[in-house]
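Enquirer: Below you will find the structure I want to go over with you.
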């Protein structure tokens with residue numbers, strides 16, 4: 001069994017992520033002008049909990065930082081410090097730093113202590129300048145004693161199993177079952193006279209006196225001289241008192257520790273008959289065995305002793321499984337969630353994939369066996385298919401997560417990027433609760449980061465240019481997510497100057513990416529940005545010039561089965577639209593044949609299917625045809641030729657045109673020989689084995705066990721856009 | 001007879017740590033996520049001692065202690081406040097709210113155990 005402390009620590013870091021998310025949420029609300037108590041409280045609590053947990057694991061950097069962070073936030077909470085925009089911006093930067101510190105602690109990496117210290121100093125300046133001098137918060141863990149009574153020199157302690165025996169304050173009060181400390185025996189006289197309030201606080205004189213027996217031999221006498229009318233206790237004030245004579249090796253501070261909770265609720269006098277000799281080390285004293293308390297009014301017997309002191313919990317890992325039911329119980333009545341290892345879900349997803357394939361095979365054999373569609377078997381299969389689809393959707397929903405965490409990361413990118421290029425930028429996000437596959441969220445982080453950096457660096461004009469154009473000083477980047485017709489759409493837009501098409505065109509020319517005579521529409525030019533090696537930056541800036549172009553962004557998104565489109569209006573801004581399939585595992589496809597090859601075309605890319613003859617096609621060049629669809633001409637692509645299955649365009653009898661609407665809008669007709677079926681197919685990635693293949697999104701296994709390629713129609717349609725298109729293999733990754 | 005403890009803390013890490021410290025030592029541990037949840041748990045069980053955090057959503061530690069002290073079945077139940085701050089002010093507030101004692105986070109398991117035994121007998 002793994003170490004329970006390790007498990008708790010792992011769970012702490014997961015909790016940290018959640019807390020950090022809550023923190024950023026609250027800070028964002030504050031940035032938007034919500035300064036109500038609860039918002040500040042949520043932010044404060046998040047940092048406070050991170051600090052609490054970090055302290056338990058001895059993560060000093062994290063503790064130190066979150067402590068200062070929390071202190072300033074606490075000042076805001078108690079309205080000692082007013083919340084200004086600058087302060088919220090500082091909080092946001094601190095939130096980013098906190099995230100770094102958490103990650104470094106988790107991965108055991110060194111963190112940027114200088115940056116962290118700078119922020120601590122900035123925070124301290126706020127705390128020092130505007131709050132009155134708060135007493136230094138004593139972050140000395142493991143002390144029970146009141147500050148004024150406790151003069152021990154506690155080390156900042158963690159719940160570190162290796163260091164448990166080294167806890168200095170324990171020297172003051174030996175645990176129930178350990179050897180006494182190295183201090184000579186002394187006789188202490190303790191007079192204890194509770195105030196009535198003591199009884200109301202839940203403290204119990206009996207237990208307190210009994211605790212004295214843990215220190216050594218005890219003799220307790222009750223002072224019964226006062227009236228013993230119990231009913232009158234509350235009104236008569238203190239009447240009952242006890243005197244205990246304790247023979248112990250421990251210093252008098254141990255007594256104070258026992259009575260710590262009663263400070264102010266009783267009169268307590270401790271006097272020593274023989275002063276302890278602290279420096280004198282003596283061996284373990286056999287006399288330390290606690291005896292029952294001998295007292296008139298304290299019926300203490302060994303049998304009533306509390307359960308034996310616990311062994312250090314980390315030394316008994318096997319027993320700790322007992323915590324699970326308790327924790328589970330709490331979960332039942334609390335939030336209705338359960339944590340599941342991602343691996344288990346993956347297995348479920350894979351099994352559902354197998355189920356879909358099996359079902360396809362089954363329906364294939366029903367066709368092969370010529371079983372009539374109205375038979376019981378066929379009806380049963382229909383139901384089976386419906387259930388499979390429901391299961392598949394439910395399984396995918398398990399993996400779905402709101403894009404919020406992703407968007408939150410982007411707000412950090414905007415902050416950092418805008419600071420780097422000295423622009424004022426505001427990030428507006430919409431549709432944060434749109435759910436998307438967890439894998440997609442992780443894999444979108446890189447491309448989105450790059451797009452956001454680009455938008456800040458290239459998209460938005462410098463401040464002086466903006467002002468000259470009469471635009472608001474602060475640039476705006478919009479990040480929006482939504483579900484649209486079975487796909488997830490993520491838009492990244494800016495209100496900058498739009499794409500400088502002239503510049504893009506000339507760069508593409510100079511780099512030989514396009515030919516001189518290519519007739520390119522505006523949208524064609526915009527597409528050039530996605531070509532490998534393209535960069536419009538005059539100089540490579542530290543920000544977006546990291547050797548990653550938009551082509552990499554496109555590749556990353558394509559690998560998720562997604563597409564990215566670009567839309568730009570000069571002077572108004574640029575918008576990138578990422579469209580992703582809802583699931584990464586299964587898609588609805590149209591099974592078609594082309595030159596005797598079976599292919600799958602994603603159903604959601606097909607607008608319409610038309611049966612056609614050679615007559616419907618009109619030549620517009622030696623090699624190019626268009627199709628007249630309701631008096632509009634649509635360029636034609638013969639899939640067979642485009643994919644290299646045949647040389648010449650040929651329209652076989654019964655050929656069918658699939659009208660495809662790629663992301664950039666213009667319709668394309670793709671010719672196929674016939675349509676076989678329409679069904680769900682399980683996506684089997686090809687990238688790992690073959691790298692990215694132009695025009696091919698993935699592969700699948702059909703009901704008859706054959707493998708078919710799943711096409712990427714948008715990619716294929718690009719061959720018409722005037723860009724160079726060769727159905728070749730990109731270099732394998 | 002084992003001592004039963006209700007620990008109320010909004011941090012899962014802290015709840016886990018408390019359970020890990022106390023369960024092997026023979027305590028029966030019930031956990032709750034905030035004051036409100038803690039009160040719900042008290043409808044079902046009567047713990048020998050209660051541990052509570054202060055900063056919590058919905059119902060914070062002070063509100064929770066008030067409510068616990070207002071109930072006839074728990075008005076004398078010992079309550080230990082778990083706090084990261086050992087400032088005298090916080091202790092005074094905890095005391096005024098009706099707490100029995102306090103534990104400074106992060107706690108050493110044996111210290112927590114001793115404090116629990118001290119207040120619950």
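The values are calculated or read from the model by the stated rules, or taken from the named source; none is laboratory data. This one's a predicted model, so the numbers in the text were calculated from it and none came from an experiment. No Cβ is skipped: glycine too gets one built from the backbone with ideal geometry, and neighbour counts run over all protein chains shown.
Enquirer: Is it fair to say residue B:31 is assigned to a strand (DSSP E or B), at the interface with chain A (Cβ under 7 Å from one of its Cβ atoms), touching a helix residue (DSSP H, G or I) at 6+ places or on another chain (Cβ under 6 Å) and under 22 Å from residue A:55 (Cα atoms)? Talk me through it step by step, then tell me what you get.
Expert: Values: assigned to a strand (DSSP E or B): yes; at the interface with chain A (Cβ under 7 Å from one of its Cβ atoms): yes; touching a helix residue (DSSP H, G or I) at 6+ places or on another chain (Cβ under 6 Å): yes; under 22 Å from residue A:55 (Cα atoms): yes.
Criteria met by residue B:31.
Enquirer: When you check residue A:8 against the structure, is it more than 10 Å from chain B (Cβ to nearest Cβ) and more than 17 Å from residue A:96 (Cβ to Cβ), yes or no?
Expert: Judged against the criteria, residue A:8 is not a match.
Enquirer: Can residue A:204 be described as at pLDDT 75 or above, over 21 Å from residue B:102 (Cβ atoms) and surrounded by 17 or more Cβ atoms within 10 Å (Cβ to Cβ)? Write out each step before concluding.
Expert: Details: at pLDDT 75 or above: yes; over 21 Å from residue B:102 (Cβ atoms): no; surrounded by 17 or more Cβ atoms within 10 Å (Cβ to Cβ): yes.
No; evaluated as a whole, the condition is false for this residue.
Enquirer: Now, a different point. Filter the stretch A:420-448 for residues that are part of a helix (DSSP H, G or I), over 14 Å from residue A:402 (Cβ atoms) and modelled with pLDDT under 90 and give the result.
Expert: The initial filter retains those residues of the stretch A:420-448 that are part of a helix (DSSP H, G or I), namely A:420-421, A:438-448.
Checking the rest, the ones that are also over 14 Å from residue A:402 (Cβ atoms) come to A:420-421, A:439, A:443, A:445-448.
Hits for the stretch A:420-448 are A:420, A:421, A:439, A:443, A:445, A:446, A:447.
Enquirer: Right, something else. Take the residues in the stretch B:62-83 that are under 20 Å from residue A:262 (Cα atoms) and crowded, with 22+ Cβ neighbours inside 10 Å, then tell me which one is nearest to the other protein chains (Cβ to nearest Cβ).
Expert: Filtering first and then ranking leaves B:78.
Enquirer: Oh, and also: I'd like the full set of residues that are in contact with a helix residue (DSSP H, G or I) (Cβ under 9 Å, 6 or more places away or on another chain) and at pLDDT 85 or above, limited to the stretch B:64-75.
Expert: Residues of the stretch B:64-75 that are in contact with a helix residue (DSSP H, G or I) (Cβ under 9 Å, 6 or more places away or on another chain), as a first pass: B:64-69, B:71, B:73-75.
Hits for the stretch B:64-75 are B:64, B:65, B:66, B:67, B:68, B:69, B:71, B:73, B:74.
Enquirer: Okay, next question. Can you name every residue in the stretch B:87-121 that is in contact with a helix residue (DSSP H, G or I) (Cβ under 6 Å, 6 or more places away or on another chain), at the interface with chain A (Cβ under 7 Å from one of its Cβ atoms), in a helix (DSSP H, G or I) and farther than 23 Å from residue A:50 by Cβ?
Expert: B:113, B:118, listed by residue number.
Enquirer: Using the structure shown, decide if residue B:4 is at pLDDT 90 or above, surrounded by fewer than 18 Cβ atoms within 10 Å (Cβ to Cβ) and more than 7 Å from chain A (Cβ to nearest Cβ).
Expert: In short, yes.
Enquirer: Does residue A:64 qualify as being surrounded by 24 or more Cβ atoms within 10 Å (Cβ to Cβ), within 14 Å of chain B (Cβ to nearest Cβ) and in a helix (DSSP H, G or I)?
Expert: Judged against the criteria, residue A:64 is not a match.
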